[in-house]
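Peer 1: So that we are looking at the same thing, I have put the structure below in structure tokens.
The values are calculated or read from the model by the stated rules, or taken from the named source; none is laboratory data. Quantities reported herein were computed from a predicted structural model and do not represent experimental measurements. Because the Cβ atoms are built from the backbone with ideal geometry, glycine has one as well, and the counts that use them run over all protein chains shown.
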Amino acid sequence: MPITFSDLPYAADALEPHISARTLEFHHGKHHKAYVEKLNAAISGSRYDDWPIEDIIAAAHKASEVGVFNNAAQAWNHSFLWNSMTPNGRDQPTGPLADSIKECFDDLPGFRTSFKRSALKQFGSGWTWLVASAAGLDIVNTNNAESPLIHGVTPLLTLDVWEHAYYLDFQNKRDAYIDAFVNNLINWDFAEKNFEAYRLAA
Ligand code: FE2
């Protein structure tokens with residue numbers, strides 16, 4: 001059974017004025033879709049047929065199957081990205097995630113500053129993530145398609161810093177795109193749900 005290309009969890013114009021419908025139509029409808037289609041073409045009839053995508057990512061990485069890994073990781077990363085944003089987000093987290101953010105970044109502005117600094121310093125294409133591990137919360141970057149799943153940490157939120165994610169709206173101003181995310185778009189419900197699952201499994 002092929003990997004599913006899912007609809008956005010909101011309307012294409014739902015994140016305006018921060019991210020335009022035109023950006024999401026290209027980013028989701030062209031870029032994300034192409035990763036899923038290329039992945040399905042690559043795994044059809046292979047040992048990966050019917051595997052969960054997380055298992056494909058891990059196995060293809062281990063086997064250095066670059067094409068399968070890149071398309072599987074990009075398919076997964078983009079699904080995670082759409083859920084990391086929401087048009088109706090709360091302005092701050094609550095519960096254990098709020099406590100851990102305070103512990104690891106001093107306060108919410110400290111988290112925003114650290115996330116922005118990390119996303120700005122990514123050279124070229126990649127992703128910035130809030131992750132959880134036994135060491136606590138951390139912000140990490142990954143290059144190109146790379147996913148934190150292969151590093152044994154649990155992603156809670158992500159931001160795509162490939163130029164295709166922001167160029168139509170912000171041109172080269174990656175800092176304004178990052179500001180829009182950290183100040184207006186974070187889906188704290190999603191991050192809290194991911195953190196809760198991590199804590200239950202830890
Ligand atoms: Fe992207």
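Peer 1: Among ILE186, ILE139, ILE150, ILE178, which is the only one that is in contact with a Lys or Arg (Cβ under 6 Å, 6 or more places away or on another chain) and either at pLDDT 95 or above or of a type outside the set (Ser, Thr, Tyr) (or both)?
Peer 2: Numbers: ILE186 fails: in contact with a Lys or Arg (Cβ under 6 Å, 6 or more places away or on another chain); ILE139 fails: in contact with a Lys or Arg (Cβ under 6 Å, 6 or more places away or on another chain); ILE150 fails: in contact with a Lys or Arg (Cβ under 6 Å, 6 or more places away or on another chain).
Of ILE186, ILE139, ILE150, ILE178, the one residue that is in contact with a Lys or Arg (Cβ under 6 Å, 6 or more places away or on another chain) and either at pLDDT 95 or above or of a type outside the set (Ser, Thr, Tyr) (or both) is ILE178.
Peer 1: For the stretch 10-53, enumerate the residues that are exposed (fewer than 13 other Cβ atoms within 10 Å of the Cβ) and either assigned to a loop (DSSP other than H, G, I, E, B) or within 16 Å of the ligand (Cβ to nearest atom) (or both).
Peer 2: Going through the stretch 10-53, the residues exposed (fewer than 13 other Cβ atoms within 10 Å of the Cβ) turn out to be 11, 17, 30, 41, 44-47, 49-50, 52.
Residues satisfying the conditions are ALA11, PRO17, LYS30, SER44, GLY45, SER46, ARG47, ASP49, ASP50, PRO52.
Peer 1: Could I ask something else about it? Loosely packed, with under 15 Cβ neighbours inside 10 Å and either within 16 Å of the ligand (Cβ to nearest atom) or of a type in the set (Gly, Ala, Ser) (or both), is that true of ASN144?
Peer 2: Against the criterion (loosely packed, with under 15 Cβ neighbours inside 10 Å and either within 16 Å of the ligand (Cβ to nearest atom) or of a type in the set (Gly, Ala, Ser) (or both)), ASN144 qualifies.
Peer 1: Output the number of the condition that ASN141 fails; it satisfies all remaining conditions of (1) under 20 Å from GLU196 (Cα atoms); (2) without any contact (Cβ under 8 Å) to a residue 40 or more places away in the chain.
Peer 2: (1)
Peer 1: Out of all the residues in the stretch 26-63, which are β-branched (Val, Ile, Thr) and more than 21 Å from ASN144 (Cα to Cα)?
Peer 2: Step one: list which residues in the stretch 26-63 are β-branched (Val, Ile, Thr), which gives 36, 43, 53, 56-57.
Across the stretch 26-63, there are no qualifying residues.
Peer 1: For the stretch 154-166, what are the residues that are surrounded by fewer than 18 Cβ atoms within 10 Å (Cβ to Cβ) and touching a Phe, Trp or Tyr at 6+ places or on another chain (Cβ under 9 Å)? Full working, then the answer.
Peer 2: Quick first cut of the stretch 154-166, residues surrounded by fewer than 18 Cβ atoms within 10 Å (Cβ to Cβ) only: 163-164.
The one that is surrounded by fewer than 18 Cβ atoms within 10 Å (Cβ to Cβ) and touching a Phe, Trp or Tyr at 6+ places or on another chain (Cβ under 9 Å): HIS164.
Peer 1: For the stretch 147-182, what are the residues that are within 16 Å of the ligand (Cβ to nearest atom) and assigned to a loop (DSSP other than H, G, I, E, B)?
Peer 2: Residues satisfying the conditions are SER147, VAL161, TRP162, TYR166.
Peer 1: Starting from the stretch 4-31, take each residue that is touching a residue at least 60 places away in the same chain (Cβ under 8 Å) and under 20 Å from ASN183 (Cα atoms) and list its partners that are surrounded by 13 or more Cβ atoms within 10 Å (Cβ to Cβ) and among the aliphatic types (A, V, I, L, M), counting only C-beta distances under 6 angstrom and pairs at least six apart or across chains.
Peer 2: Close Cβ pairs satisfying both conditions: HIS18/ALA180; HIS18/LEU185; THR23/LEU168.
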